[in-house]
Amino acid sequence: MLEIKNISVMIDKNPILDGVDFTVDKGEVLVLLGPNGAGKSTLLQTAAGLLKPTSGKIVFSDRPSLDELAYRRRISTVFQSPLLLSDTVENNIACGLRFRGFSRTEIRTRVQLWMNKLHISHLARRQAHTLSGGEAQRVSLARAFCLETELILMDEPFSSLDTPTRRELVSELRHVFSETNQTCLYVTHDLEEALTLADRIAVIIDGKIHQLDSAQNVFLRPATPEVARFVGVDNVIPGRVIANKEGLLQIESAGSLIEAIGDYRQGSQVFVCLRPEDITLLPITAIDQASSARNRLNSKITQINLQGPFARIQLDAGAQLTCLVTYPSVKEMDLKIGDQVQAVFKTTAIHLLPAGKKSR
Ligand code: ADP
Ligand code: MG
């Protein structure tokens, strides 16, 4: 449906996008995920035909020569601020259809349908400026969907909403996507949103695509250390493979010995990626025969940060580790800075990435 072909954008000699290359397939929701300043909005504006790339091109629906106006009529957009006219909700939703010359009956049918689907029928006669942020964003979604364009582009539509409202809208949007088969390029910096909405995720960092993959792979098997950190893998630890016994690796890192599964040769430099919630803490004296976790590192607690129901704990195990423990278990174990504990994790919780050249 949409081919982004080797797009680069320079602004004032600064590279903003660097050879971005991917395709959005018909019927899919492709989420462009990345931190603030990564170049997501720049890419979306390029895809919308609002910004001319320095090099590369956008091919829509196999028609490279579509002129600008014709192209813009075949797509619709939703932005972070809803950009509503000072008019009623129903007139706001209808405006794009009127502009495109649909009949009055068709306009009425579609506006009703989309107000229903987005649960805003009771707001039809309300003036746009009296709406809450969530309601206003529902109106802008209805306005985009009712055009039934081949492609919708969305740029962080929910990022200024409070968390409960955002979650509700994200889950309803997922539902609308699966009902309609709408093709969409959706931009966000929010991992949770991406995991809920995406058929595939393109991770963009510093103007480059680092990974284009299923949501599950981006989350569990990030392709680069930067993606790993962005998806919440707090432990990205450099190490060296010192033994490989039929795929069971021993990795040395800052004096710690970590066991993992993989196909790296002895001597390879790797990054050990480990999510903080995959580390369990046990008292230093505990001997837990039942656990199948092969990694048990004696560690010292160097920092405890309470974060609502969780505590993020820094450990010195030789290697520096971060783990996430529930608040009740911090209380139960009476964890304090300076305590010695065992950091326990399974080989299967570890995802390895190559570091340096001669790795695999
Ligand atoms: P994102 O949407 O991922 O947060 P943007 O695409 O808005 O990122 O911006 C990417 C980078 O490009 C940022 O570093 C931003 O400062 C820079 N940038 C964007 N637009 C302009 C502009 N018109 N002039 C100069 N720099 C810009
Ligand atoms: Mg942006």
Self-check item: Given charges at Cβ of Lys, Arg, Asp, Glu: the chain dipole, positive-most of ALA311, GLN340, PHE177
Solution: PHE177
Practice problem: Taking the Cβ of each residue in LYS245, LYS26 as the centre, tally the other Cβ atoms inside 10 Å and list the residues starting with the fewest. | Solution: LYS245, LYS26
Quiz item: For THR105 and TYR71 in one chain, what is 0.36 nm times their gap in residues minus the Cα-Cα distance, to one decimal in nm?
Solution: 9.7 nm
Exercise. Apply the Karplus parameterisation 6.51 cos²θ - 1.76 cosθ + 1.60, with θ equal to phi minus 60°, to every residue of segment 175-181 and state each ³J(HN,Hα) to the nearest whole Hz, in sequence, with x for glycine and proline.
Key: 4, 4, 4, 6, 6, 9, 6
Self-check item: Whole-Hz couplings from phi, Karplus 6.51/-1.76/1.60, listed for segment 207-219; x for Gly and Pro
Solution: x, 10, 7, 8, 7, 10, 7, 5, 4, 4, 5, 4, 6
Quiz item: What is the gain in length, in nm to one decimal, between ILE287 and THR196 on full extension, counting 0.36 nm per residue of separation less the C-alpha to C-alpha distance?
Solution: 28.8 nm
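Ratio of alpha-carbon Rg to the 2.2 N^0.38 Å globular estimate for the chain, to two decimals, please. Spell out each step's value before the answer.
Values: Rg = 24.8 Å, N = 360, 2.2 N^0.38 = 20.6 Å.
Here the answer is 1.21, to two decimals.
Return the loop-located trypsin sites (Lys or Arg not before Pro) in segment 68-125 (DSSP other than H, G, I, E, B) with at most 13 other Cβ atoms within 10 Å of their own Cβ; answer none if there are none.
On the way: sites: ARG72, ARG73, ARG74, ARG98, ARG100, ARG104, ARG108, ARG110, LYS117, ARG125; in loops: ARG74, ARG100, ARG125.
The qualifying sites are ARG100, ARG125.
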Quiz item: Can you work out ³J(HN,Hα) from phi for every residue in segment 69-77, in order, using Karplus 6.51 cos²θ - 1.76 cosθ + 1.60 and θ = phi - 60°, giving whole Hz and x for Gly and Pro?
Solution: 5, 4, 5, 5, 6, 9, 10, 10, 9
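For segment 1-154, state the average projected area of the convex hull of the C-alpha atoms over all orientations, rounded to one decimal in nm².
Values: hull surface 40.6 nm².
So the mean shadow area of the Cα hull is 10.2 nm².
Divide by every residue of the chain the summed helix terms, -39500 (n - 2.57) for each DSSP H run of at least 4, and state the resulting mean residue ellipticity at 222 nm, rounded to the nearest 500 deg cm²/dmol. Mind showing how you got there, number by number?
Working: 10 runs with 96 residues, N = 360.
So the calculated ellipticity at 222 nm is -7500 deg cm²/dmol.
The numbers here are math on the coordinates, done by the rules we state, and not lab data. Just so it is clear, the structure is predicted and the values come from calculations on it, not from any experiment. As a convention, Cβ positions derive from the backbone with ideal geometry for all residues, glycine included, and neighbour counts pool all protein chains shown.
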